[in-house]
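To start, the structure itself, in structure tokens.
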Amino acid sequence: MRTTSSTDDVRARALFGHRALALAARAAVVVIAFYLTLPLVWSEGNPFRYDAAVSATIAGALIVAACGALALLASRNRALGAQLTRLEERLEELGDRNWELKEAAERNRGILEALGDVIVRRDHDGRIIYANDAFCRLAERPFDALVGTALSLRIVTQGPITLLADGTRIHDQEMEGARWIAWRDVEIRDLSGRSEVLSVGRDVTDRTQAEQALGQARDQAEAANRAKGRFLAMVSHEIRTPLNGILGMADLLLDTPLQPEQTTYAKAVRTSGETLLSLIEEILDLSKIEAGKLDLEAKPFALGALVEETVELLSPRAQAKGLDIGSYIDERLGQRVIGDAARLRQVLLNLAGNAIKFTEAGGVSVVVEPGSASNEIRFLVRDTGIGIAPDAQARIFDEFEQADGGATRRFGGTGLGLAISRRIVERMGGCIALDSMPGHGSTFGFTVTLPPAAGDGGVPLMAPNLSGQAILIVARSASEAALVARRLEQWGATTSLVSEPAAASALLAARRWDAILADRAFGAELAREAASVPRRIVL
């Protein structure tokens, strides 16, 4: 627009120059003609004397002035013509640029229309300044009928409005016809600085319907899950009652005189009943956890006694497989803590029981030590079993999952023990983890917070001082012997652990020992060789 105005000005000035040039030429002709006819006028009785030289001088000066003016006007006219040419070239360039901008605007408009977004722009009074075709179709009115009006679409449901940090408002609206539009309202400024609102809406009907369908499906699934939990709890309770009767009758039957074959059958009935009862208990626990009804108690209990009782309960199973089992409780821990002893025992039984199940040789150890945070206690259950492959470690804490889940698996079980243990530990506010390698055993560890009970300062009753004492430990299995060595070292002693009598004999001759702890199987063999040792203890 500015270039066009400049071009018009140049054209006007050029036209004025042409007119001025013509007028000057006419004036020069008139003046020259006047001076050429002046002698004739003077010759007819003019009382004044005519001076031809002065007249010629004046006429020459006028002619020179007229020629100078004509030359100046011609130069100015040429400059204006050149400027007009440049402006016309610039005008042509701007015309091309304007055409390109119009083409780009049309292309962008086509893209926006292809996207299907609803776009409307309103001024500070809420009147429509611009609306695209999608908005016109939604409003069922042409563009000319919308401009300048404050028309609002018919809304059935207004969703919650979210205000972003930059002032953008995001909200959903349900229109007539069950159509949902997701709006983004952005405040902008026009050229005069007044505020305007640009609203961009996208049809999200499919997404909203899918979310609603998903919500309904989720509600139905949760209802079905609750119904399943109630069904499992009811059925498990109803099954457990007659099952306890079967187990009681089996025990009574085993107390009567029976033939060897009958005893075998009765023991098989009891073993099967105990397995089924264990499965029912796990299902009941899982249903309680899923229903959110796993309540935890917070009562004082003796931590050491709980761990030792758990190990004693599992000792017959370990000894039946020829395994060692032992426990170690760090003396820095308090004797009594506050927590749910029953659930903690359940977790330890699950972890240690699995360790015994999947260990063929060696032993199982339960270690309890302080955690990294205040009042935090870490429980470790180590075994020398088959180990767990890395790809199976992530899923064994899921329900009904086992590391060996194939059809030819060697070990039985439902795969609920670890899942229940993980849920209980998490319910206690702790976490459970696994460190394992195939063929090198596994270590299950979990950490929970158990504050000390009132009046318990965490100081052991008695801790012997074994500083400077050298003790030799001889045992086939390193599991239980390692726990003994750790306890002795905590009391200040220096220990050496060997598993063969020959190695023990070599160490006995190599240095002086204050005490020797030997496995019962090695007691007789080492008794004579260890005669110089002040204290000899047979395990």
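The values are calculated or read from the model by the stated rules, or taken from the named source; none is laboratory data. Please read these numbers as outputs of a predicted model, since none were measured by experiment. Please note: Cβ atoms are built from the backbone with ideal geometry, for glycine as well, and neighbour counts cover all protein chains shown. Just so you know, the surface numbers come from the protein's heavy atoms only, side chains and all, with ligands and any DNA or RNA stripped out. Shrake-Rupley method; radii C 1.70, N 1.55, O 1.52, S 1.80 Å.
Observations on the model:
- Positions within the stretch 156-171 being open to solvent by less than 40 Å² (accessible area, probe 1.4 Å) and in a strand (DSSP E or B), in sequence order: His171
- Inclusion of Ile246 among residues that are open to solvent by 40 Å² or more (accessible area, probe 1.4 Å) and either free of Cβ contacts under 8 Å to residues at least 12 places away in the same chain or part of a helix (DSSP H, G or I) (or both) is warranted.
- Conditions (1) loosely packed, with under 14 Cβ neighbours inside 10 Å; (2) in contact with a helix residue (DSSP H, G or I) (Cβ under 9 Å, 6 or more places away or on another chain); (3) not small (Gly, Ala, Ser); number of the one not met by Leu286: (1)
- Qualifying residue in the stretch 346-368 (condition: among the charged types (D, E, K, R) and either open to solvent by less than 20 Å² (accessible area, probe 1.4 Å) or within 39 Å of the chain's Cα centre (by Cα) (or both)): yes
- Residue among Ile188, Ile128, Ile181 that alone is exposed (fewer than 11 other Cβ atoms within 10 Å of the Cβ) and within 28 Å of Asn108 (Cα to Cα): Ile188
- Strands (runs of 3 or more DSSP E) within the stretch 416-488 that include 1 or more residues at pLDDT 80 or above and within 23 Å of Arg336 (Cα to Cα): 431-436, 442-449
- Being within 30 Å of Leu153 (Cα to Cα) and surrounded by 10 or more Cβ atoms within 10 Å (Cβ to Cβ) holds for only one residue in Thr205, Thr271, Thr264, and it is Thr205.
- Members of the stretch 295-312 that are more than 14 Å from Gly339 (Cβ to Cβ) and either open to solvent by 90 Å² or more (accessible area, probe 1.4 Å) or aliphatic (A, V, I, L, M) (or both): Glu308, Val311, Glu312
- Of the criteria (1) part of a helix (DSSP H, G or I); (2) more than 43 Å from the chain's Cα centre (by Cα), which one Ile289 fails: (2)
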